[in-house]
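Here's the structure, in structure tokens; my notes come after.
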Amino acid sequence: MKQNIAIFLSGTGSNARAICTYFQNHPYINVGLLLSNKVNSGAKAIGETYNIPYLIFNKDEFCNSELLLPKLNQHHITTIVLAGFLWLIPEYLLEAFPDRIINIHPALLPKYGGKGMHGIHVHEAVCKNKEKESGITIHLCNKEYDKGEILFQKRVPLSESETPDSIARAVLNLEHQFFPKVIEAFLLHGNVKL
């Protein structure tokens, strides 16, 4: 039986698109649902491109287990993937999907994590502190921002001439390259050895 992923996204969805492309004809893993808290996110366009149902919700609906859980169950979702989704996951979802909610963070946790540390804010902080490297962290979710068990990290060296935008491009390249593979390894093998 195929494992069904639900992808939560808030932005344009470049990671969600990379994941949908990777699993489009996969024998064991399927993207079954796209969910977003923003009407102008990429959920609708990606859903229509890949023929995947999508759902747009607001904060009240997100916090209400009676709306989202039936929707996830209806699509036989086994794992949730956060691909640029910025809200803290409510306890009812953590309980319904224990160790089955995977997030990607655009820095090497535990550095540059926590509330407010997302997108360009992360890269600005990395640049300001003149870090010699950055990268991605893929981790399981718990009750705190960016504190769950780390599954995978990949580093990218930084030069002294880096800008937040150049760091963002290098990190996003790593995200697209490794996030789908890490999801696959975790779902099929229970660990990540790439």
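Values as computed for the structure displayed
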| read-out | value |
| --- | --- |
| Spatially proximal lysines relative to residue 128 (Cα-Cα < 22 Å; intrachain offsets below 8 disregarded) | 111, 115, 154 |
| Sites residue 76 and residue 111, calculated FRET efficiency, Cβ-Cβ separation with R0 45 Å, nearest 0.05 | 0.75 |
| Shape box of the stretch 1-98 [Cα atoms, principal axes, largest first, Å] | 33, 32, 18 |
| Cα-based Rg of the chain normalised by 2.2 N^0.38 Å, two decimals | 0.99 |
| Cα long-axis angle, helix 65-74 against the chain (0 to 90 degrees, to the nearest 10) | 80 degrees |
| Order of 10, 134, 159 - criterion: other Cβ atoms within 10 Å of each residue's Cβ, fewest first | 159, 10, 134 |
| Efficiency of FRET between residue 161 and residue 12 - r from beta-carbon atoms, R0 22 angstrom, step 0.05 | 0.25 |
| Karplus-derived HN-Hα couplings along the stretch 46-61 (A = 6.51, B = -1.76, C = 1.60, θ = phi - 60°), whole Hz, x at Gly and Pro | 5, x, 5, 5, 9, 6, 10, x, 9, 9, 9, 9, 9, 4, 4, 5 |
| In degrees, nearest ten, helix 164-189 long axis to first principal axis of the chain (Cα) | 40 degrees |
| Amide H partners (placed H, <5 Å) of residue 81, local residues excluded | 6, 7, 8, 102 |
| Paramagnetic label zone (point 7 Å from Cα along Cα-to-C-beta, residue 25; backbone N under 18 Å) in the stretch 48-80 | 49-52 |
| Aspartates and glutamates whose Cα lies under 20 Å from that of residue 2, excluding same-chain neighbours fewer than 8 positions away | 99, 184 |
| HN-Hα J in Hz across the stretch 136-148 - Karplus 6.51, -1.76, 1.60, θ = phi - 60°, x for Gly and Pro | 10, 10, 10, 9, 7, 9, 9, 6, 10, 4, 6, 10, x |
| Helix-only [θ]222 nm of the chain, DSSP H runs n ≥ 4, -39500 (n - 2.57) each, per residue, nearest 500 | -11000 deg cm²/dmol |
| Neighbour-count order for 139, 189, 26, fewest beta carbons within 10 angstrom listed first | 189, 26, 139 |
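Read-outs: derived from the displayed coordinates by stated rules, not from any lab. Every value quoted in this text rests on a predicted model; they were computed, and no experiment measured them. Every residue, glycine among them, receives a Cβ derived from its backbone with ideal geometry; neighbour counts consider all protein chains shown.
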